[in-house]
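First the structure, in the form of C-alpha cells, and then the observations on it.
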Amino acid sequence: MTADVPATALKGHHHITIGVGKPQEDFDFHTKVLGLKCVKRTLFYDGAMPIYHFYYGNDMGEESTLLTTFPVAHTGVKAKQGVGQVSYVSLSVPESALPYWKERLQAHDLEVTETERFGEKHLDFRSPHDIRLSMVGIADDARAPRTGGPVPPENMIRGTHAYGVKTRDMDFMDEFMEVAWGCRKEADDKNLVRYAMGDGGSGTYTDFEIEPAEKSGSWIVGEGAIHHVAYNCPSREAQDKIKFFVEGMGYTDFSDVKDRGYFDSIYVRTPSGALFEAAVSHDPAFLCNEPYETLGTKVMMSPQIEANQEEVMKIIGVVEG
C-alpha cells in the first residue's frame, strides 16, 4: 500500500512556522544566538493586519534548514500550548558541537537540560518566546551550515532534525501518517512515537508526544506556540495528487493551493489537531526578488502594500540587522 501513497513524494522537512513576540528580539535570537541567516523578511500573506514573516536558515535558505516566525507582539494575540498542536522542534548539530552549544546557550541566559530520546543526546531549552527547542547531536548530517555568522561552521546548526506534535492518542494519527502522509513508523520511546519519510535520517522525522490528560492548545497565530510544520514536496503535480488522495480518505479539512511568493502550499488539519503543510519551492525561491549579496536585508512587500510602506513600517517596527 505504501508504494501507492502519493505522499511518499514528500522526502523531508521544508520549514516550521512559529508565533513569537517582538520582532527585534526574535531577529536577534535567531541570528545572533542560534547563528542562522535571515534569508527573507516579508509580511504575513493572510489577514489585514501587517505582520512580519522572517525566514532563517543556511546561506541559501534551503529546505529543511528553515525556521520561520511571525512576530505578533503588536497584535496582542497570545497562543496557548497544549495537545493538538506542534509542540517542539529539534535542531541537528554535529555531535562534537554539543558542549559548545551548551556553553553558548547558557552564556545567553538560557536554561539547558541534557536529555536522551530515541538514543540521541539532546540539549533542551526554550526560546525567549517560550518555544521548546533542542540541539541534538548527529554524526552524519551532510546539509550545509550557514557560513560567515557568529557560530563557526564546524559547530553550526545543519537544519531541523525532528518536528514534535503533542496528541492525546494515536488512534487515527497512525493511519494518517502511514497512509495519508507516506511515512513509516520508526521507533517508540516511552510516550514518544517517531515516524520517518523518504530516506529517513535527520530532517525527515515527526515525533508524537502522547499526553492523554493534557488540555488542548490553541490553533491561532499567536505569541508562544508553533503554528504549523511544512514538508518538502517536489512538484505541483505531486502536491495535487496528495491533496486528491488525502481528501478521498475523508480528510477534507484541506486548503486549496496558496502561492506564498517563494513556494506553493497546501495545508491539512490532521487528526491530532496539528496543522501540516506540503510546500513546493519555486525556482528560484528566495533569490527571485533579491540577489544573494543582499539576501534577507530588505522587507519585501507586495506592490499594493508597498504603496503604504511608511504606515506599515510604523505598525510592525524597523528591525536592525
Where ALA3 falls short, out of the listed (1) at pLDDT 95 or above; (2) farther than 17 Å from TYR163 by Cβ; (3) of a type in the set (A, V, I, L, M); (4) assigned to a helix (DSSP H, G or I): (1)
Flag if VAL151 is touching a residue at least 40 places away in the same chain (Cβ under 8 Å) and touching a Ser or Thr at 6+ places or on another chain (Cβ under 7 Å): no
Residues satisfying the stated conditions in region 55-70, i.e. buried (at least 21 other Cβ atoms within 10 Å of the Cβ) and either charged (D, E, K, R) or free of Cβ contacts under 8 Å to residues at least 40 places away in the same chain (or both): TYR56, GLU63
Every residue from region 88-136 that is buried (at least 18 other Cβ atoms within 10 Å of the Cβ), in a strand (DSSP E or B) and more than 19 Å from the chain's Cα centre (by Cα): PRO94, ARG117, GLU120
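Going through region 25-50 one residue at a time, which ones are in a loop (DSSP other than H, G, I, E, B) and surrounded by fewer than 23 Cβ atoms within 10 Å (Cβ to Cβ)?
GLY35, PHE44, TYR45, ASP46, GLY47, ALA48, MET49, PRO50
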Options LYS215, LYS185; residue that is out of contact with any Pro (no Cβ under 8 Å at 6 or more places or on another chain), farther than 22 Å from GLY82 by Cβ and among the basic types (Lys, Arg): LYS185
Neighbours by Cβ (under 6 Å, 6+ apart or cross-chain): first from region 31-50, under 16 Å from THR65 (Cβ atoms); second of a type in the set (Val, Ile, Thr) and crowded, with 16+ Cβ neighbours inside 10 Å: GLY35/VAL151; CYS38/THR31
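The values are calculated or read from the model by the stated rules, or taken from the named source; none is laboratory data. In this text the structure is predicted, and so the values were computed from the model without any measurement. A quick note on method: Cβ atoms are made from the backbone with ideal geometry, for glycine too, and the neighbour counts reach across all protein chains shown.
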